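Here's the structure, in structure tokens; my notes come after.
The values are calculated or read from the model by the stated rules, or taken from the named source; none is laboratory data. Please read these numbers as outputs of a predicted model, since none were measured by experiment. All Cβ positions, even for glycine, are placed from backbone atoms using ideal geometry, and neighbour counts span all protein chains on display. Side chains are part of the model used for accessible areas, which takes the heavy atoms of the whole protein and leaves out ligands, DNA and RNA. Shrake-Rupley method; radii C 1.70, N 1.55, O 1.52, S 1.80 Å.
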Amino acid sequence: MGDDAEVPLAERERSKAIRAEPDVERYLQLYATLVTEINGRLAAIYEAVRGAASADPDVLRTAMIRGAFE
């Protein structure tokens, strides 16, 4: 996450630690923090796609097919 390692999210130590957390409240806190961090990094990408989609119908079609605007 945020690096170049080719390790799926579910196999990363942080994800494993979250899934192993026995306290439900703490589990949700950890998970929410992780999702917030990921979405924060993705936001700029989505904004770039939205901007490109407004200028290029092919980008818009591709983004719609891939669910970028859901």
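Scanning segment 1-40 for residues that are aromatic (Phe, Trp, Tyr) and either at pLDDT below 95 or under 13 Å from the mean Cα position of the chain (by Cα) (or both) yields a single hit, TYR31.
Close contacts from segment 14-35, counting a first residue that is without any contact (Cβ under 8 Å) to a residue 60 or more places away in the chain and under 17 Å from ASP3 (Cα atoms) and a second that is open to solvent by less than 70 Å² (accessible area, probe 1.4 Å) and in a helix (DSSP H, G or I), with Cβ to Cβ under 7 Å and a gap of 6+ residues or different chains, come to ARG14/LEU34; LEU34/ILE18.
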